[in-house]
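Q: This is the structure I have questions about; it appears just below.
The values are calculated or read from the model by the stated rules, or taken from the named source; none is laboratory data. Because the structure is predicted, anything quoted here is derived from the model rather than measured. Every residue, glycine as well, gets a Cβ built from its backbone with ideal geometry; the counts of neighbours run over all protein chains shown. The area values use the complete protein model at the heavy-atom level, side chains included, leaving out ligands, DNA and RNA. Shrake-Rupley method; radii C 1.70, N 1.55, O 1.52, S 1.80 Å.
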Amino acid sequence: MVRSGSSMAKRFFQVRLSDTLRRDERHAEMLRQKKLDYFRVFIGPGTGISYLPTVGFEHDFLNQYKNASLTGTKWFLGTSAGALRFTALLSSMATGQPVVDRLAEEFTAMTYRQGDTSAVLTPMMANLIRTAAPAEALPFILHNDQFRLCIFVTQLHDWTTRLSTPLLKGFFGACAITHFLLGNVPKGLFRRLCFYTGDEIPLFHLSDVQYCRLTEYNIHDVLRATTCIPFICEKTTHISGVGQGMFVDGAVTDLIPDCTIEHERTPGLVLHHSAEVAHSFFDTIFRSQQPRNTFFENCSVLYPSSSFAQLLPGQRLPSTSDWFDKEFVKNPLLRQTLWKETYKLSQSYWQKDILSLHISSNDIGDLDQSGGTVDSHWKKSTVTSKQMIGRRPF
């Protein structure tokens, strides 16, 4: 069994172990020896600024890359902000520049508010995309044999391209009601797109997904699409290699991609804000559809502990709802201070906690019966379903 040290020690990150790590001592030993290099698939959820508590991952990964200590092919699966963070990581590797830092700085400097039009938000999102994927990094991102990128985009049914903004909001509202009543949204309304680099499709199983090559001609459009809420951002209606359509935030269908990593030799790690896993945006509202058991067979979830949140201003983690917090709207410096402090703490405590972590199958957080985690520091900043419809800026 993998041990994580004294049960009394304060830890700032926790891991929900995969089933394989729970039962197989061989894999537990490999994790002890290899740390991050044990994993082959990294998943970045589409949870907006909530990625900041785990940004220490990027700095650790960059150090290992510089030391040439990473082995085997690594896959990065990203949706929305998760796609931006992984693209920025690969750009940092390609250029030797602090692209990861610059992306966080650009996020923090944004001043989106409820009621802002696409004319206000679109230039800011365009700047994020240029920052994450500079032209000089594209050859490395698109053609590297060891590091592969997958970006998820949701395509709406063709007839939605003719809807006005109010009707499009109504469409999403109807989808939310349908999900509440039936537990899911009819598949015919959405198409899941997975844009990937390299010469082969991803090595993990994704059902009902259309695979598309990520190229120099479409990568910026794909990043624009995966972060696009059409009634907030400027519409994305064309992607090279796919054609015309209505392309929106990949988190609508793939907040955390519902993938099955079938082989234990390709273990995965989700970099998340809690142990709870929701596969779509609608699942986060109603909690009606639990992840399949096969998702956790070879996939673990890493997330900040309550001890991490207690060190932050207001003792809370950053969240998308920060954009609409009355105090933050009145004084953006408060929000920016929280986000900057989160970024700094993640780097500091990642080094102190994760790199020396010896994980125990008993030390995986306070799990409820559904496999989630009770995390008041996240829940106190969670907005209601009414607030979420039409409010997700990325």
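Q: On a full-extension model of 0.36 nm per residue, what is the gain between Asn127 and Thr71, subtracting their alpha-carbon distance, rounded to one decimal in nm?
A: Answer, rounded to one decimal: 16.9 nm.
Q: Another question, then. Work out how much length His238 to Leu167 would gain on full extension: take 0.36 nm times their residue separation and subtract the Cα-Cα distance, in nm to one decimal. Each step should come with its number before you reach the end.
A: Values: separation 71, 0.36 × 71 = 25.56 nm, distance 2.05 nm.
Gain on stretching His238 to Leu167: 23.5 nm.
Q: Can I ask one more? As a quick test, which of the pairs Lys10/Lys35; Lys74/Lys169; Lys66/Lys352; Lys187/Lys235 have an alpha carbon distance above 26 angstrom in this structure?
A: Flagged as over cut-off: Lys74/Lys169.
Q: Taking the alpha-carbon distance from Lys330 and a cut-off under 13 Å, which aspartates and glutamates remain once sequence neighbours fewer than 8 residues away in the same chain are dropped?
A: Lys330 reaches Asp322.
Q: Let me ask you something else. Just to confirm the filter: which trypsin sites (Lys or Arg not before Pro) across the stretch 81-134 are DSSP coil and have at most 15 other Cβ within 10 angstrom of their Cβ? Walk me through the intermediate numbers first.
A: Working: sites: Arg85, Arg102, Arg113, Arg130; in loops: Arg113.
Answer in residue order: Arg113.
Q: Ok, one more. What's the ranking of 160-170, 70-80, 131-141, 246-256 by average number of surrounding C-beta atoms within 10 Å, highest first?
A: Working: 160-170: 13.7, 70-80: 22.0, 131-141: 18.1, 246-256: 27.5.
So the peptides 160-170, 70-80, 131-141, 246-256, ranked by packing, come out 246-256, 70-80, 131-141, 160-170.
Q: Can you put Lys235, Lys330 in order of accessible area, largest first, using a 1.4 Å probe? If you can, show how the numbers build up before the last one.
A: Numbers: Lys235 75, Lys330 155 Å².
Ranking Lys235, Lys330 by accessible area, largest first, yields Lys330, Lys235.
Q: With a 10 Å radius around each residue's Cβ, average the other Cβ atoms per peptide and rank 208-216, 257-265, highest first.
A: So the peptides 208-216, 257-265, ranked by packing, come out 257-265, 208-216.
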